[in-house]
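I have placed the structure first, in the form of structure tokens, so that the comments after it can refer back to it.
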Amino acid sequence: MLKDIPHPKVENIAIAVLKERNDEGETEWSVYLLNMRNEPIEGVLVSSKGYGHYEGREVKTTTLRHYLGRLEANSAKKIEPIIDNLFGLNNEYWLSYFINRVMYDKKYVFLPETIKEEHFTKIPILNKQGVMIQ
């Protein structure tokens, strides 16, 4: 039965959105995965999509899938850039990974209008300002 399948709790893993400068010196927004554990995570897969209402109509973005492989302990890896036009939508990141052959998964959702500089906090590991969900 489905209720008999163990669902291990995701701890010390976060998704963060930061405003930073790219190689051309232009400002862009980026989404990062943070592993704040003292052990690596493996087989990391992140699906991302946006959905909600824009100008009175329902919209959905394309679902993107990012295979990040292994993420070392106490490190971060960029998932994708994100354009600020999407901040009025729900921005969903579905994460799955393995630790010691046990699969973990969790959904992170940045609600509309939460990715704003007024909500910035210091992001661990990256030591930059941004918005983070743990």
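The values are calculated or read from the model by the stated rules, or taken from the named source; none is laboratory data. None of the values given here were measured: they were computed from a predicted structure. Quick reminder, even Gly has a Cβ in these numbers, built from the backbone with ideal geometry, and neighbours come from all protein chains shown.
A few points about this structure:
- Residue within region 70-84 that is closer than 18 Å to ILE15 by Cβ, loosely packed, with under 12 Cβ neighbours inside 10 Å and of a type outside the set (D, E, K, R) present: yes
- Unique residue being assigned to a strand (DSSP E or B), surrounded by fewer than 13 Cβ atoms within 10 Å (Cβ to Cβ) and among the aromatic types (Phe, Trp, Tyr) when the list is TYR108, TYR67, TYR104, TYR93: TYR67
- Screening the candidates GLU113, GLU117 for the property of being in contact with a strand residue (DSSP E or B) (Cβ under 9 Å, 6 or more places away or on another chain) and of a type in the set (D, E, K, R) yields one hit, GLU117.
- Being at pLDDT below 95 and either within 14 Å of the chain's Cα centre (by Cα) or assigned to a loop (DSSP other than H, G, I, E, B) (or both) holds for only one residue in GLY50, GLY25, and it is GLY25.
- Candidate set: region 1-25, residues that are closer than 14 Å to ASP84 by Cα and not basic (Lys, Arg); chosen: the one surrounded by the most Cβ atoms within 10 Å (Cβ to Cβ): VAL17
- LEU86 meets the conditions (1) part of a strand (DSSP E or B); (2) over 29 Å from PRO6 (Cβ atoms) in every case but one. The failed one is (1).
- Looking only at region 111-122, residues that are under 26 Å from GLU55 (Cβ atoms), surrounded by fewer than 16 Cβ atoms within 10 Å (Cβ to Cβ) and out of contact with any Gly (no Cβ under 8 Å at 6 or more places or on another chain) come to 6 in all.
- Residue in region 36-43 that is exposed (fewer than 10 other Cβ atoms within 10 Å of the Cβ) and not in a loop (DSSP other than H, G, I, E, B) present: no
- For VAL59, the requirement of being in contact with a Pro (Cβ under 9 Å, 6 or more places away or on another chain), touching a residue at least 24 places away in the same chain (Cβ under 8 Å) and over 19 Å from PRO8 (Cα atoms) is not met.
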